[in-house]
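Student: Got a structure for you, questions after.
The values are calculated or read from the model by the stated rules, or taken from the named source; none is laboratory data. Keep in mind the model is a prediction, meaning the values are calculated, not measured. Here the Cβ positions follow ideal geometry from the backbone for every residue, glycine too, while neighbour counts run over all protein chains shown. Side chains included, ligands, DNA and RNA excluded: accessible areas come from the protein's heavy atoms. Shrake-Rupley method; radii C 1.70, N 1.55, O 1.52, S 1.80 Å.
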Amino acid sequence: MRGVVFDGKQAQVVDDLEIRDPGPGEVLVAIAAAGLCHSDLSVIDGTIPFPPPVVLGHEGAGVVEAVGSGVAHVAPGDHVALSTLANCGACADCDRGRPTMCRKAIGMPAQPFSRGGKPLFQFASNSAFAERTIVRAVQAVKIPDDIPLTSAALIGCGVLTGVGAVLNRAKVDRGDSVVVIGTGGIGLNVLQGARIAGATTIVAVDANPAKEAAARQFGATHFIDASAVPDSSAAVKEILPTGTDHAFECVGNVKLIRQAVDLLDRHGQAVLLGVPGFTEEASFLVSSMYLDKTIMGCRYGSSRPQRDIALYAELYRQGRLLLDELVTEVYPVEDFAKAADDAHHGRVARGVLTF
C-alpha cells in the first residue's frame, strides 16, 4: 500500500508498505484524508526528534475496516476521525479527565508497519499518511457520515489543539480579549475558539498580510500586519491599551513568546502553542508576573478526544465551527512534496492529502 516514509534523510511516497492485523483493543482504519501539519515537517527538519524509518502523518479521518477483540464503540464501516492521543485510560491522569498528561501516551512508538520485511515506526501513534493505519481504540472517534472526510481529518490535530487551547486550557470567557500571534492552521482554530467562547476583542497578528481575510472569517475583529508596522506590540496596545486577557503564541518563536507575555493585562494568560527547538529558552521580566499573570503550556488543547471530537463535529453541523474553510488545497498523496513545500512557505492554512 502507499504511504509517506521518512528514512532519516528524506521523505518519499512509497507503494510497498505492509501493515499487520489489528490486535486486542486496536482499530484498522482505511485513511481517506490526512491534513499536513507543521509537526510532520518538524520531524523531517529535525525540530521534533523521532526515530526513523517512520510513516508520517497524524491528522486523519477514514473508514473502519476491522477491529480487534474488546472494541465495541466502533465497527467496520463507521466513519472516524483519529486523535494522536493513545492514552491508557487507567492511570491517575486519565481518571482525572486529563488524558493529555497520560505518561503511557508519550512513550516509544509502536511498529505496526513493515517494508521489505523491516519494521517502521508509527508517528504520533497515528501515521495517517498511509492508505491504512492501526490505532488504539481510544483514538478512533465515530463521526457522522455526512461530514466530508477531507474536513473531518483536520479535527484530530489542528482543531483539537487550537479550539481546545481556548475552551479547555485558557477557559476564555464571554467578553474577554484575545490576541493570537500567528494565523496558520493552529492560529485560525484559536481564533474560532475565541469566537465560539464569546470573546469580544480578538486581535490576530501575522507578518503575512494575505492571511487577513481568513483571520477575519474565523473570528478576528482586528488584524495587524506585523510586516507593515514598526512595532506590532504597540499596534496591539492601540487596540487594547491595558493589554489582553489572553495571548496565544502559535508560531514557536521565542521572541514572539516574549511578546505574548509582554502583551498581557493584569491577571492575563499567555498560552504557548507553537513549538520552538527543544533546547531553546525564552525570557520574561519576573517583576511583571506579580500582577497575577500566567504563562501556560498546552499539550494537544488539553483535550478529551472522545468528547471533544464529537462536540466539534456537532458544532460543524450547526454551522458554528468552520472546517471546510480550513482546507486550502487537496493533494493526492503522490503530490506530497508539493504539499510540503506549500505548507513550508505558508501558502496554505491546511493542505490535505487524499488516498
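Student: Among the numbered conditions (1) closer than 25 Å to GLY158 by Cα; (2) open to solvent by 20 Å² or more (accessible area, probe 1.4 Å); (3) among the hydroxyl-bearing types (Ser, Thr, Tyr); (4) modelled with pLDDT of 95 or more, tell me where THR84 comes up short.
Tutor: (4)
Student: Would you confirm whether or not the stretch 164-179 contains a residue that is closer than 20 Å to ALA11 by Cβ, open to solvent by less than 10 Å² (accessible area, probe 1.4 Å) and not β-branched (Val, Ile, Thr)? Lay out the reasoning, then the answer.
Tutor: The first filter runs over the stretch 164-179 and keeps only residues closer than 20 Å to ALA11 by Cβ, leaving none.
No, that holds for no residue.
Student: Can you name the number of the only condition in (1) crowded, with 16+ Cβ neighbours inside 10 Å; (2) closer than 24 Å to VAL141 by Cα that GLN318 fails?
Tutor: Result: GLN318 fails condition (1) only.
Student: Would you please name the residue that is farthest from ILE147 (Cα to Cα), looking only at residues in the stretch 314-329 that are in a helix (DSSP H, G or I) and in contact with a Ser or Thr (Cβ under 8 Å, 6 or more places away or on another chain)? Give the derivation first.
Tutor: Going residue by residue through the stretch 314-329, those that are in a helix (DSSP H, G or I) are 314-317, 324-326.
With in contact with a Ser or Thr (Cβ under 8 Å, 6 or more places away or on another chain) added as a condition, the list becomes 316, 324, 326.
Working: TYR316: 8, ASP324: 10, LEU326: 14 Å.
Result: LEU326.
Student: What's the number of the condition GLY198 fails, among (1) small (Gly, Ala, Ser); (2) in contact (Cβ under 8 Å) with a residue 24 or more places away in the chain; (3) out of contact with any Leu (no Cβ under 9 Å at 6 or more places or on another chain); (4) under 20 Å from GLN259 (Cα atoms)?
Tutor: (4)
Student: Of these, GLY164, GLY77, which one is part of a loop (DSSP other than H, G, I, E, B) and either modelled with pLDDT under 95 or not basic (Lys, Arg) (or both)? Working first, answer last.
Tutor: Numbers: GLY164 fails: part of a loop (DSSP other than H, G, I, E, B).
Unique residue meeting the criteria: GLY77.
Student: On to the next question. List the number of the failed condition for THR242; all other conditions in (1) in contact with a strand residue (DSSP E or B) (Cβ under 7 Å, 6 or more places away or on another chain); (2) open to solvent by less than 30 Å² (accessible area, probe 1.4 Å); (3) among the polar types (S, T, N, Q) hold.
Tutor: Status for THR242: all satisfied but (2).
Student: Among the residues of the stretch 297-306, is any surrounded by fewer than 22 Cβ atoms within 10 Å (Cβ to Cβ), among the basic types (Lys, Arg) and closer than 18 Å to SER39 by Cβ?
Tutor: The answer is yes; a qualifying residue exists.
Student: Find the strands (runs of 3 or more DSSP E) located wholly in the stretch 216-313 whose residues include 3 or more that are over 23 Å from the mean Cα position of the chain (by Cα), and list them. Even if it seems obvious, please write down each step before you answer.
Tutor: Details: elements: 222-225, 244-249, 264-272, 294-297.
Of the strands (runs of 3 or more DSSP E) lying wholly inside the stretch 216-313, those with at least 3 residues that are over 23 Å from the mean Cα position of the chain (by Cα) span 222-225, 264-272.
Student: Tell me yes or no: at least one residue of the stretch 133-151 is of a type outside the set (Ser, Thr, Tyr), at negative phi and touching a Cys at 6+ places or on another chain (Cβ under 6 Å). Steps first, answer last, please.
Tutor: Step one: filter the stretch 133-151 for residues of a type outside the set (Ser, Thr, Tyr), giving 134-149.
Filter once more, so that each one left must be at negative phi: 134-149.
Among the residues that remain, those that are also touching a Cys at 6+ places or on another chain (Cβ under 6 Å) are: none.
No, the stretch 133-151 contains no residue that is of a type outside the set (Ser, Thr, Tyr), at negative phi and touching a Cys at 6+ places or on another chain (Cβ under 6 Å).
Student: Moving on. Identify all residues within the stretch 55-73 that are part of a loop (DSSP other than H, G, I, E, B) and crowded, with 18+ Cβ neighbours inside 10 Å; write none if there are none. Give the steps one after another, and end with the answer.
Tutor: Of all residues in the stretch 55-73, those part of a loop (DSSP other than H, G, I, E, B) come to 56-59, 68-73.
Passing the criteria: LEU56, GLY57, HIS58, GLU59, VAL71.
Student: Inspect the stretch 261-272 for any residue being small (Gly, Ala, Ser), open to solvent by 20 Å² or more (accessible area, probe 1.4 Å), at pLDDT 95 or above and out of contact with any Cys (no Cβ under 6 Å at 6 or more places or on another chain) and give the result as yes or no.
Tutor: Looking only at the stretch 261-272, we keep the residues that are small (Gly, Ala, Ser), and these are 268, 270.
With open to solvent by 20 Å² or more (accessible area, probe 1.4 Å) added as a condition, the list becomes none.
No, every residue in the stretch 261-272 fails to be small (Gly, Ala, Ser), open to solvent by 20 Å² or more (accessible area, probe 1.4 Å), at pLDDT 95 or above and out of contact with any Cys (no Cβ under 6 Å at 6 or more places or on another chain).
Student: Quick test for you: out of ILE224, ILE196, pick the one residue that is at pLDDT 95 or above and over 15 Å from LEU326 (Cβ atoms). Write out each step before concluding.
Tutor: Working: ILE196 fails: over 15 Å from LEU326 (Cβ atoms).
Residue meeting the stated conditions: ILE224.
Student: If you check every pair at least six apart or on different chains, which have Cβ atoms under 6 Å apart with a residue in the stretch 202-225 that is within 19 Å of SER177 (Cβ to Cβ) first and a residue that is of a type in the set (S, T, N, Q) and assigned to a strand (DSSP E or B) second?
Tutor: Correct list of pairs: THR221/THR201.
Student: Do the conditions hold for VAL4, that is, is it at pLDDT 95 or above and under 22 Å from GLY185 (Cβ atoms)?
Tutor: Details: at pLDDT 95 or above: yes; under 22 Å from GLY185 (Cβ atoms): yes.
So VAL4 fits the description; yes.
Student: Another question about this same structure. Of the residues that sit in the stretch 35-54 and are in contact with a Lys or Arg (Cβ under 9 Å, 6 or more places away or on another chain) and outside any strand (DSSP E or B), which one is surrounded by the most Cβ atoms within 10 Å (Cβ to Cβ)?
Tutor: Filtering the stretch 35-54 for residues in contact with a Lys or Arg (Cβ under 9 Å, 6 or more places away or on another chain) gives 35-37, 52-53.
Of the ones still in play, those that are also outside any strand (DSSP E or B) are 37, 52-53.
Numbers: CYS37: 26, PRO52: 14, PRO53: 17.
If we take residues in the stretch 35-54 being in contact with a Lys or Arg (Cβ under 9 Å, 6 or more places away or on another chain) and outside any strand (DSSP E or B), then CYS37 is surrounded by the most Cβ atoms within 10 Å (Cβ to Cβ).
Student: Any chance you could count how many residues in the stretch 192-226 are over 23 Å from THR328 (Cα atoms) and not hydrophobic (A, V, I, L, M, F, W, C)?
Tutor: 3
Student: Let me ask something else about it. Anything in the stretch 322-335 that is among the hydrophobic types (A, V, I, L, M, F, W, C) and either closer than 14 Å to GLY156 by Cα or open to solvent by 10 Å² or more (accessible area, probe 1.4 Å) (or both)? List them, or say none.
Tutor: Here is the first cut: in the stretch 322-335, the residues among the hydrophobic types (A, V, I, L, M, F, W, C) are 322-323, 326-327, 330, 333.
Correct list: LEU322, LEU323, LEU326, VAL327, VAL330.
Student: With the requirement that a residue be within 18 Å of GLN269 (Cβ to Cβ) and surrounded by 24 or more Cβ atoms within 10 Å (Cβ to Cβ), what does the stretch 182-198 give you?
Tutor: Scanning the stretch 182-198 gives GLY182, ILE186, GLY187, ASN189, VAL190, LEU191, GLY193, ALA194.
Student: If you don't mind, another one. What number of residues within the stretch 297-355 satisfy the criterion of being of a type in the set (S, T, N, Q) and touching a residue at least 24 places away in the same chain (Cβ under 8 Å)?
Tutor: First pass over the stretch 297-355, keeping only residues of a type in the set (S, T, N, Q): 302-303, 306, 318, 328, 354.
Narrowing further to those that are touching a residue at least 24 places away in the same chain (Cβ under 8 Å): 302-303, 306, 354.
Adding up the residues that qualify gives 4.
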